[in-house]
Structure formats: structure tokens, C-alpha cells
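K.L.:
Below is one structure. I have some questions about it.
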Amino acid sequence: MIRGQSIAAVVFAAAISGCGGERVYPVRLDFRLADGKPAAGCSVVVTRNEPPQVVAGGDVGEEGSCAPVVSRGGGLPPGTYRVAVSADSGPPVDGGRKAPPFAERYGSHATSGLQFTVGPGQPEVVEFSLGR
């Protein structure tokens, strides 16, 4: 969960906020840990900075990629997006929670420092490194 929201809640929010008929562009986000390994199993939420608000999310696959979309055509409308990443590692045997394999600051749009731009002439693949 990211700031108390499940991915299902984020996708629902994206569905009700809509794109207003804006053109969408395909984008793939690649996430690597500090050691270069894929950040597989993480959840991602992206939020557009400009109005109208657009929120999308997804899970990072085994190869370290996520393709957030807000429309049937696939992709995101133009704009600059902030990124939040969470790792739901699940409870270890002793009942406590495992620490994420990256710094906690990535769990919030306000503190992650991660962003990307979608639109004509922008790269379709955006790479992020998640440090400790």
C-alpha cells in the first residue's frame, strides 16, 4: 500500500478521474535496486502534476518493469508525473514487517524525488534507481 491506498483503490481513482479525451502515450517504467537487481514485486502509483488530476498504478514485474495506464488505448496523457513506490514484502516468521529493499522516502510522492514526463518526443522507457 502507498499512503494507505491499495493498488485497486488507485486504479479505481484513475478510472473515475478519467483522461477527458486526451491523447495517451505509451510509457514503461523500469525500477532497479541499488545493487542493479530488478525491484520486482513493488507497487507503483503515478500522479500527474497538472490538472486535471490523473492517477495510475501497477505492479512491478519480475523484470523490474511497470506500465501504468489510464485508458483502453494504453498509456498516460501528457504531463509530468510524480512517482511513489512501495514494497509489500509481507510479514517474516517473527511477525514483524520486513524493511523495503530501498529507502522509505520512495513511498510518498512528496518525498520520492522521482518523476517523469509523458508526451510527444519524450522517451517511452523511463529508468529509476531506488537507493537505500
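The values are calculated or read from the model by the stated rules, or taken from the named source; none is laboratory data. Worth saying up front: this structure is predicted, and the values here are computed from it rather than measured. No Cβ is skipped: glycine too gets one built from the backbone with ideal geometry, and neighbour counts run over all protein chains shown. Side chains included, ligands, DNA and RNA excluded: accessible areas come from the protein's heavy atoms. Shrake-Rupley method; radii C 1.70, N 1.55, O 1.52, S 1.80 Å.
K.L.:
Those residues that are over 19 Å from G36 (Cβ atoms), at pLDDT below 95, within 17 Å of the chain's Cα centre (by Cα) and open to solvent by less than 40 Å² (accessible area, probe 1.4 Å), I need them from the range 84-106; list them, please.
P.N.:
Correct list: S86 only.
K.L.:
Considering every residue within the range 70-79, establish whether at least one is in a loop (DSSP other than H, G, I, E, B) and closer than 12 Å to F102 by Cβ.
P.N.:
Initial filter on the range 70-79 (in a loop (DSSP other than H, G, I, E, B)): 70-75, 77-78.
Applying the additional criterion that residues be closer than 12 Å to F102 by Cβ yields none.
Checking the range 70-79: not a single residue is in a loop (DSSP other than H, G, I, E, B) and closer than 12 Å to F102 by Cβ.
K.L.:
Based on what the data block shows, is R72 over 17 Å from Q115 (Cα atoms) and either modelled with pLDDT under 95 or open to solvent by less than 30 Å² (accessible area, probe 1.4 Å) (or both)?
P.N.:
Numbers: over 17 Å from Q115 (Cα atoms): yes; either modelled with pLDDT under 95 or open to solvent by less than 30 Å² (accessible area, probe 1.4 Å) (or both): yes.
So R72 passes the test.
K.L.:
When residues of the range 1-57 are filtered for being under 19 Å from P120 (Cα atoms), open to solvent by 50 Å² or more (accessible area, probe 1.4 Å) and modelled with pLDDT under 90, how many remain? Step through it out loud before you land on a result.
P.N.:
Step one: list which residues in the range 1-57 are under 19 Å from P120 (Cα atoms), which gives 19-29, 46-52, 54.
This time we only want the ones that are open to solvent by 50 Å² or more (accessible area, probe 1.4 Å), so: 20-23, 26, 28, 49-52.
Remaining after also requiring modelled with pLDDT under 90: 20-22.
Number satisfying all stated conditions: 3.
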